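In what follows, a single structure is set out as C-alpha cells and then discussed.
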Amino acid sequence: MIQSIDYTAIAVPLILALTAGLVLVLDAFLPARPGGGRLLGVVALGGVAAALAVLVAQAVQGGVRRTFCVPASLGGGESCSFVLDRFTLVFTGLVLAAGVVVVLLSMAELTSGRVPVGEWYFLLLGTLTGAVLLAASRDLIMLVVSLELVSLPVFALTAMRRYDGRASEAALKLFLVSVVSTAIMLFGVSLMYGVTGSVYLDRIAAFYASGQSAAPAGVAPGVTTVAIVLVLAGFAFKVAAVPFHFWAADVYQGAPIPVAALLSVISKAAGFAGLILILTTALASQAAVWAPVVAVIAALTMTAGNVLAMRQRQAVRLLAWSSVAQSGYILAPLAAFAGVPRDAAGASVAYLAFYAAMNLVAFGVVMLVARARERNDLDDYQGLAFHSPVAALSLAFSLICLAGLPPGLAGLFAKVVVFRAIVDGGLGWLAVVMAANTVIGLYYYIAWTARLFTPLSTGASRPRSGPVAVAVGLAVAVTLAFSVAPQVVLSAVG
Amino acid sequence: MSWLLLALLAVPLAGAASLTAPAFAGRAAGRFGIAVSALTFLLAVVVAVVFDYGDAGRMQLQTDWSWIPGLDLRFHLGVDGISLPLVVLTALLSLLCFVHLAWRPPDGGRVRALVFTLLVLEVGMIGTFLALDLLLFFVFFEVVLVPMYFVIAIWGGRDRRAAAVKFILYTLLGSAVLLLGLLVIWAQAGTLDMVELAAGHGAGIARSMQIVAFLAVGIGLAVKTPMWPLHTWLPDAHTEAPTVGSVLLAGVLLKMGSYGFARIAIPILPEGAAALAPWLGALAVVGIIYGSLACLAQRDLKRMIAYSSVGHMGFVLLGFATLTPVGMNAALFGNIAHGLITGLLFFVAGGIKERYGTADMVRLGGGMLRRLPYIGSLLTFACVASLGLPGLAGFWGEMLALLGAFRPAAGLSRPLFLVFMTVGGIGTVLTAAYFLVMLSRVTHGRPRETVPVGPALASAEEVRVVLGPGEPVATGTAVAEVEESHPPAGRLADVTAGELVAWVPLVALTILFGVWPKALLDLTGPAVQAIFGLGGGAG
C-alpha cells in the first residue's frame, strides 16, 4: 500500500516543525554574542506568522482536506488520521494566534540571559506543532502522540530557569501529573481499541452507533464505560479539571510567565480539542454515559477554581485558579451534548476562543508588572492606573471580560453562549451553579480591578518592554474585536 | 427620526470617550460633563416632542439592526408610553447630577474620572429603557454595574469598599438569575424580540415554563428594585455612595428593576405572572411595612431615605402584582414620582451632610428651619411629598396602587388582595409617621449646635466625646479641622444658586405631576392597555 501525503494539508505543522529545527541549528552555529537571542525570537515569530498565513489561505480556500488515509478496501469506509476541517482550522488559528503572543512574551523573558534561548524557542515551537497536530488528529494513536508532543516540551520549558527552586518543583510536579494522566488515558484508549477494534474516531463512532451487536465475544458491556471514564480522567488532568486540578497553582507560579500563559491557553486548548474530538465524534452515541460525568466535573471545577482563587494574594496563582474555573465553564456546554449536539461543542470552542484572548491580555500585563516587581503580589498592582494607565486599563478590561460584565462584552457574550447551550440542553441545575459561580468569580476579579485604581503614595517605576507591549496590544485588539463583533467567532464555530 | 434614540446613547458615550483625551483638567471636565448631559437631555426632550401621543401604546422611533446573528441579538431600540417618561427622567437626573457636581466637586477629587464614570452610567441607564431585545436589555442592564461600583468604591463614605462589593455582588447574582430567565424565554419562544413576545402574550411558552421563567426574571429584577427580602444591599450602597451616586441609584437604577417587570416579566409571561402575583404582592406589602419600621429605627438621614425607598418600591411592586391596568399605571406613576422625590431627598440630605459634616439625626440637632430656612423648607417639602400628601406626585402612585389592590385582576384572590390593601394602607400611615418624626427632630425645635465649639473644646478627649466612638482620635490640629468643617450655627451657609438650579426642576415636576397626574397617566395608559391586550386608546 502506498500512501500519498497531501503536503498542503499538513503545511502548518510542517512549517512549525521546520522552524523549530532551524532555530536549533541557528543557535548552534551563530556566534554567541549579545542580542543573538533576539534573532532567534524573530525567526520563531516568523515561523508562527508564516504558519498563520498558510492557515488563513487554507481557510479562505475552504473545503475539507484529508491525508494519511486508510483506503476503504481495508474494511469499513475510508478513514483518515489527519483532517483539516472547520474545527481544525478554528483550533489551529487559536493556537497560532496565542503562539504569537507567547513568543512575544518570551522575547521579553529571555532578555535576562539566564535561559538558553535556542532550546527555549525549539521547545516552544515543538509544543505549538503538537497542539496544531492534535486539532487535526482523527485517530486515537495520533491524538495521544500529539498530546504528548504538547506536554513534553512544557516540562522542560518550566524547568528552564535553572537554579530556581520553584521552577524545578513546578517542572517535577507537572511531569509526574502529566505522565500519570497519560498512562491513565493510554489504558482507556487501549480498552476502547479492544472493544471497537479500531483507532479511527469515525470507525469507533460507527461501531457504537450500530449498537453493541458487533462487540467481540467475552467483552463485558461495562468495559466501554471504564474506557470512557479513564479517557475522561486523563484529559481532566490536562485541562486541570476537578479532581485533578491541584497542580495548577504551583506549576503556574513556578513556571516562567510565558510558560504559564502557554499552559493556560495553548496546552489547555489542546486538551479541550482532544476531549471534544473524542467525546463528540467517537463517543457521540455514548453521550448518556459521559454527559452526566462531564456535568458534575464541570460544576465541581468551576466552583473549586473560583473558591480557591478568592483567597489568593499572588497574581499568577490567582490567574491559575481562575483558569481552572474557566475550564469548568468550557466543560459545561459539553454536558448538554445529548440535548443540543451541535450547539454544545460550538459553545465550548467559542468560549475557549474568547477566554484565550482575554486571558492572554491578563498574562501580558502580569508579565509587564513582574519585570519591575519580582514577587508579583496583588498589592504590587495598587495604583497601576496612575503610573502606567494603558497597562492598567488593559488589565482592567481583561479582568472585567473574564468576570463577564460589560464593558467586557467578549466575556459576557461567551457566558451567554454557554448559558444558552446549557439551558437549551435542559440542565437547569448546572446553569444555576454556573450563575452562582459567575458571582464568586466577580468578587476576586473586581477586587483586583479596584486595586489598580487605588491611589498609592509611594512612587513606582514604569515597567516597559517593547515585545510585551506589542503582545498586550495584539491581545487587547482581538478582545475588543470579539467584544464588538463576537459573530466572528460564533460563525466560525457554528 | 430613528437616529434620535441612537444619538441618546451615542452622545454620552462619545462624551465619555473624548474625556480620555489628556486635554481635560479638573474643572473643564466638570463643565464638559454638564454640556454632554445637557445635550443628552435636549435630545430626550426632542424625543418627547416628536413622540406621537395619540398612539402612545405603540413602539415609536424604532431602530432595528442585526448585531450578533449567532446569538439572535439585534440592536433594537424604541420608545413607547412606558419608557418615554423614564428616559426623560434619566436624562434630567443625570444633568442635575452634573450641575450639582460642578457646584461641589467630589471629596475624593478626580473630577474627570467621575464625569467619565457617570457618562458611562448614563449610557447604560438610557439603553436599558430603550432596548427592545431581551439580550440587549440585559447588556445595558449590566453596563451600569461597573461604573456604579466605582462611584461608590472611590467617591463614597467611610465604609465604601464593603458597600460597593456588596452592591455589585448582590446585583450580579440577580443579573445572573435574570439571564437564565431570559434564556428560558428564548429557548421556549424562539425569539428575543420584546415587541413580538409582548404581542404574543406568552404564546408558545408552556405554563410551567412561564412560571419558571417568571420566577427567575422576577428574582433578578427584584434584587434591583429592590423587593424585600432581597433589599439588603440597598441601605449600605445608598448611605455610602456620594450624593450623585445616591441620587442616580434611587432615581434611576431602582427603576430599571421595576421597568423590567412592566416590560418583560408581566407582558411576556402572563400566566407565570398570574401564578406568582400573590407572592409578589405579599412580599411587596411586607417590604412596605418592613421599610417603614426600619425607617423609624434609623438615626442616619441618608440611611432612612434608603429604607424609605424599600417601602416606596413596595407600592410599585404591589401595583404590578394586581395585574390590572389601574395597578400597572399606579406602579409606573409611582416609579417616576419616586425618582423625582427621592432624587430630591438625596440631594437635600447630601447638602445637609456637607454643611453639618454628619447626617446623624441626633447630632444634627433641631431647628433647621431656623438655621437654614431654605434647606429646611426643601427637606420638609421633599418629605411631605414622599409620604404621599395629596396634591404632590407621591400621592397618586400609592393611592392608585391601593385602588388596584382593591379590585385585582380576575383569577387573583380578592380577599387576599384586600388584606394587601389594608396592610399597604397601614404602611402609608407608618410612612407618614417616620417622616414626621424625622422632621420634628431635625427641622423643628430649638436650634442646638451640632458640635459645640469654642475654647472649652481643647483636648482630644473632648473631641472624641463630641464625635462619638469610632471617629479618629483627635489632637490639637484635628480640633481645628473640626471647627473648620463644622462651622458654628451662625455661619452655616444656606442653599446656594448651584443647588437651587439642581433642585428646583425636581420640586416643580413633583408639584406638576401632583396636580396634573393625567399628564403621565395618559402616556402610560395606552401602553398598559396593550400589555393586557385590551386595545390601545381605551384607557
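Every read-out reported here was derived from the displayed coordinates using simple, explicitly stated rules and does not represent laboratory data. Note that the structure is predicted; figures quoted are calculated from it, not measured. Every residue, glycine among them, receives a Cβ derived from its backbone with ideal geometry; neighbour counts consider all protein chains shown.
Brief remarks follow.
- Taking the centroid of alpha carbons for each part, the range A:161-207 and the range B:1-69 are 56 Å apart.
- Counts of other chain beta carbons within 10 angstrom of each beta carbon in peptide A:373-380 average 0.
- C-alpha center-to-center spacing [the range A:372-394, the range A:324-356] in angstrom: 32
- Sorted largest first, extent of chain B alpha carbons per principal axis (Å): 78, 59, 38
- Calculated P(r) of chain A - Cα pairs past 42 Å, %: 13
- Length-normalised contact order for chain A - Cα pairs under 8 Å, 6+ apart - percent: 14
- Computed log10 I(q)/I(0) for the range A:180-313 at 0.12 Å⁻¹: -0.53, from the Debye equation with unit scatterers placed on every C-alpha and solvent omitted.
- Packing rank of A:162-168, B:51-57, where each peptide gets the mean count of other beta carbons within 10 Å, highest leading: B:51-57, A:162-168
- Summarising the label geometry, the points placed 7 Å from Cα in the beta-carbon direction at A:Leu14 and A:Arg114 lie 4.1 nm from one another.
- The per residue volume of the convex hull around the alpha-carbon atoms of the range A:286-494 is 105 Å³.
- If R0 equals 41 Å, the separation of the Cβ atoms of A:Ala485 and B:Leu418 corresponds to a calculated FRET efficiency of about 0.15.
- For A:479-489, mean number of other protein chain Cβ atoms within 10 Å: 2
- The calculated 222 nm mean residue ellipticity attributable to helices in the protein assembly as shown amounts to -23500 deg cm²/dmol, summing -39500 (n - 2.57) over DSSP H runs of n ≥ 4 and dividing by all residues.
- C-alpha long axis of helix A:315-335 to longest principal axis of chain A, angle in °: 30
- Expressed per residue, the C-alpha convex hull volume of the protein assembly as shown stands at 176 Å³.
- Taking the longest Cα principal axis of chain B as reference, the axis of helix B:145-155 is set at about 0 degrees.
- Cut-off under 5 Å, modelled amide H: who pairs with A:Ser79 long-range: A:Val70
- Reachable lysines, given that their alpha-carbon falls under 27 Å from the alpha-carbon of B:Lys353 and they are not under 8 places away in the same chain: B:Lys166, B:Lys224, B:Lys255, B:Lys302
- Sorting B:Tyr259, A:Tyr443 by the number of Cβ atoms found within 10 Å of their own Cβ, with the fewest placed first, yields A:Tyr443, B:Tyr259.
- Neighbour-count ranking [beta-carbon atoms within 10 angstrom, fewest first] of B:Met59, B:Met227: B:Met59, B:Met227
- Rounded to 10°, Cα long-axis angle of helix B:497-515 versus longest principal axis of chain B: 40
- Label separation (A:Ala372 vs A:Val432): 4.7 nm, computed from points 7 Å beyond Cα along the C-beta direction.
- Structural descriptor for chain B: relative contact order 15 percent, calculated from alpha carbon pairs under 8 angstrom and at least 6 residues apart.
- Ranked by the mean number of other Cβ atoms within 10 Å per residue, highest first, peptides A:49-56, B:393-400 order as B:393-400, A:49-56.
- Number of partner chain Cβ atoms within 10 Å, mean per residue of B:177-186: 5
- Rough spin-label spacing in nm, given labels placed 7 Å along Cα→Cβ, for A:Val293 and B:Trp103: 6.9
- For the range A:286-494, the relative contact order comes to 28 percent (Cα pairs under 8 Å, sequence separation of at least 6).
- Cysteine residues of chain A whose Cβ has no partner cysteine Cβ closer than 4.7 Å: A:Cys401.
- Burial ordering of A:Arg65, B:Arg160, A:Arg38, fewest other beta-carbon atoms within 10 Å first: A:Arg38, A:Arg65, B:Arg160
- Average projected area [Cα convex hull, the range B:159-252], square nanometres: 6.8
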